[in-house]
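Each value in this text was obtained by applying a stated rule to the coordinates, not by laboratory testing. If you're wondering where the values come from, they're calculated on a predicted model, not measured in any experiment. When we count neighbours, we look across all protein chains shown, and the Cβ atoms used for this are built from the backbone with ideal geometry, even at glycine.
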Amino acid sequence: MRIFCIANQKGGVGKTTTTVNLAAGLAQVGRRVLLVDLDPQGNATMGSGIDKRSLDPSVYDVLLETTAIAEARKPSPHGGYDVLGANRDLAGAEVELVTLERREKRLKAALAAVKDEYDFVLIDCPPSLSMLTLNGLCSAHGVIVPMQCEYFALEGLSDLVNTIKQVHANLNPELEIIGLLRVMFDPRITLQQQVSEQLKAHFGDKVFNTVIPRNVRLAEAPSYGQPGVNFDPSSKGAVAFVEFAKEMSERLG
């Protein structure tokens, strides 16, 4: 079982879109996938077709160790993967975890119990570096970073790289950047092409070959409670995410 955080400390870069569509794409290429929603907004939960308001139990209960993942997970109705969902309760876990033992390793312990049931676990992290994000980073083998190719994106990336180095040094020696995924890409914009070239020059083969284009259908899909990959399989965005799932599968075995 390979565990990956989808993380970027900059908000609005398509983390949740990436997590949901990668999960659906991996399911389409025959992989067993668990999506863990660690964001109290619960967008990945809703985008997978699960009503966050009626979630009981949720990832909150798993982190407090009152429930196992096997009891809390739900199947995504359209996506073909399982979801450990989140809702507003999770914001409370942030405070409660601070005083508990092994506070940053609780998700890791819970995932160990289902390690034979999944090929991939994808963790959707909140944009801030919080106790929740730390639980994700301590559980993971690596981080997938969705990035828009714009000027400020590079600045946010250096913050994230520093965070990953610190977690690697102090809490999780396995943690590394698996790759950078260029998302919401519009080849007509010269700056985006320039930033894309800079990324490749600086990070080399850490930049995934697949590029996710800016795509209206991907943006519409969550309001229908479906991953874009299932909502409109022929759209450019959906095709790109299935390509990305194949690239991930081949790269990581």
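Numbers below:
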read-out: At least 27 Å along the helix axis (C-alpha) and Kyte average at least 0.0, DSSP helices within the chain; value: 151-170
read-out: Size descriptor, Kirkwood hydrodynamic radius, that averages inverse alpha-carbon separations across the stretch 154-241, Å; value: 15.0
read-out: Total lysine pairs whose alpha carbons fall under 23 Å of each other in the chain (8 or more apart, or interchain); value: 27
read-out: Spin-label model distance (nm) - E65 vs A109, 7 Å beyond Cα toward Cβ; value: 0.2
read-out: Full-extension gain in nm, F203 to R217, via 0.36 nm per residue minus C-alpha separation; value: 2.1 nm
read-out: Kirkwood Rh (inverse of mean 1/r, distinct Cα pairs), the chain, angstrom; value: 17.9
read-out: Of the GluC sites (Glu not before Pro) in the stretch 5-101, those whose Cβ has at most 14 other Cβ within 10 Å and which sit in DSSP loop; value: E65, E101
read-out: Residue-by-residue Karplus 3J(HN,Hα) for the stretch 55-69, coefficients 6.51, -1.76, 1.60, Hz, glycine and proline x; value: 6, 6, x, 9, 4, 4, 5, 5, 5, 7, 6, 9, 9, 8, 4
read-out: Residue order, fewest to most beta carbons within 10 Å, for M1, M184; value: M1, M184
read-out: Residue-span extension gain [E96 to Q194] - 0.36 nm each, minus C-alpha spacing; value: 30.8 nm
